Amino acid sequence: MSTEPTDLRLYRPPIRRTWWLHRRSYLMFVLREVSCVFVAWAVVFLLLMINAVHAGDDGYQRFLAFSGRPWVLVLNIVALAFVLLHAITWFNLAPKAIVLTARGRRLAPRAVAAAHFGAWLVATVVVGWIVLGGR
Amino acid sequence: MARRSSSEAIAWLLFSAGGMASALLIPVLLLLFGVLFPLGWLAPPAYAHLLSVLSNPFLRILLLLLFALSLAHWAHRFRHVLNDLLQLDRLRTAIGVLCYGAAAAGSIWAAVVLFQ
């Protein structure tokens, strides 16, 4: 028989563009994914700072004035919230991505997450110490 | 279904490495330079100190890695956000090229800024 059934592999159910507004978990997913935009902004902002430092003391003072402008400050506070969301969701997902076994038994997922949060704390202290060290 | 390719695997690896590097280091850097120094809650470091920190070759390479991987992380995630939210199926290739291209250009800019 040659009656072809509809090829189900080619069928894509229509999805509304506002699908992510219909559930809290969808919204959180999209906010988490959108955090990448603020990671990119942070990179641009830090590169502007480094570029300003390389331009001399005047450049650095201009950068400090720039970072104090209301719109830059507000943008950075929003960006910080998103970057924190990124870090927290990333470390919480780590146990799902990294499955460690020791002596034939799986290491507790909580231990894997805790190790990541510990590493975050250490990295934060070290960066703070390097940046603020010159007082 | 999208074709799975080895370039997708590389993109995912970079996404993953960038996600980790940025999660560890970006929050504290943004907190200091973007919020605490501008608000005056902490005095910003002296120019000479920052200059000496940034002239350390080891730290320069570390920062370049952080910036390049973070941008690769952005490119991969942003590409999928655009595909999921906008559903512009015909523009998928163009969106991919633009995202990874921007990340590559940003990484070159980072190298120029760090090693100038």
Query - Complete set of residues in the stretch B:60-93 that are of a type in the set (A, V, I, L, M) and more than 20 Å from B:Leu14 (Cα to Cα) - result: B:Leu85, B:Leu86, B:Leu88, B:Leu91
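What about B:Pro27, is it within 7 Å of chain A (Cβ to nearest Cβ), within 13 Å of A:Val127 (Cβ to Cβ) and part of a loop (DSSP other than H, G, I, E, B)?
So B:Pro27 does not fit the description; no.
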Query raised in the report: Which one is farthest from the chain's Cα centre (by Cα), of the residues in the stretch B:40-66 that are more than 9 Å from every other protein chain (Cβ to nearest Cβ) and either part of a helix (DSSP H, G or I) or among the hydrophobic types (A, V, I, L, M, F, W, C) (or both)?
Result: B:Trp41
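State whether one or more residues within the stretch B:82-103 are closer than 19 Å to A:Leu48 by Cβ, under 12 Å from the mean Cα position of the chain (by Cα) and in a helix (DSSP H, G or I).
Yes, that holds for at least one residue.
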Query - Residue in the stretch A:100-135 that is farthest from A:Leu84 (Cα to Cα), counting only those that are among the aliphatic types (A, V, I, L, M) and away from every other protein chain (no Cβ under 14 Å) - result: A:Ala102
Query - Inter-residue pairs, beta-carbon under 8 Å, first surrounded by 16 or more Cβ atoms within 10 Å (Cβ to Cβ) and in the stretch B:83-111, second of a type in the set (Phe, Trp, Tyr), 6+ apart - result: B:Cys99/B:Trp74; B:Cys99/B:Phe78; B:Ala103/B:Trp74; B:Gly106/B:Phe67; B:Ser107/B:Phe67; B:Ala110/B:Phe67
Requested in this report: Would you mind finding the one in A:Val78, A:Val53, A:Val83, A:Val44 that is touching a residue at least 40 places away in the same chain (Cβ under 8 Å), facing chain B (nearest Cβ under 8 Å) and in a helix (DSSP H, G or I)?
Outcome: A:Val83
Requested in this report: Would you check if A:Leu27 is touching a residue at least 40 places away in the same chain (Cβ under 8 Å), assigned to a helix (DSSP H, G or I) and surrounded by fewer than 17 Cβ atoms within 10 Å (Cβ to Cβ)?
Outcome: no
Query raised in the report: Just wondering, is there one or more residues in the stretch A:91-107 that are more than 20 Å from A:Met28 (Cβ to Cβ), aromatic (Phe, Trp, Tyr) and surrounded by 14 or more Cβ atoms within 10 Å (Cβ to Cβ)?
Result: no
Query raised in the report: For residues in the stretch A:56-80 being of a type in the set (A, V, I, L, M, F, W, C) and out of contact with any helix residue (DSSP H, G or I) (no Cβ under 8 Å at 6 or more places or on another chain), which is nearest to B:Arg60 (Cα to Cα)?
Result: A:Ala65
Requested in this report: Of the numbered conditions (1) more than 17 Å from B:Ser22 (Cβ to Cβ); (2) part of a helix (DSSP H, G or I); (3) within 23 Å of the chain's Cα centre (by Cα), A:Gln61 fails exactly one; give the number of that condition.
Outcome: (3)
Query raised in the report: Which residues, counting only those in the stretch A:56-75, are more than 7 Å from chain B (Cβ to nearest Cβ) and over 26 Å from B:Trp74 (Cα atoms)?
Result: A:Gly56, A:Asp58, A:Gly59, A:Gln61, A:Arg62, A:Ala65
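Laboratory data are not the source of any read-out in this text; all were calculated from the coordinates shown. Just so it is clear, the structure is predicted and the values come from calculations on it, not from any experiment. We place every Cβ from the backbone using ideal geometry, glycine too, and count neighbours over all the protein chains shown.
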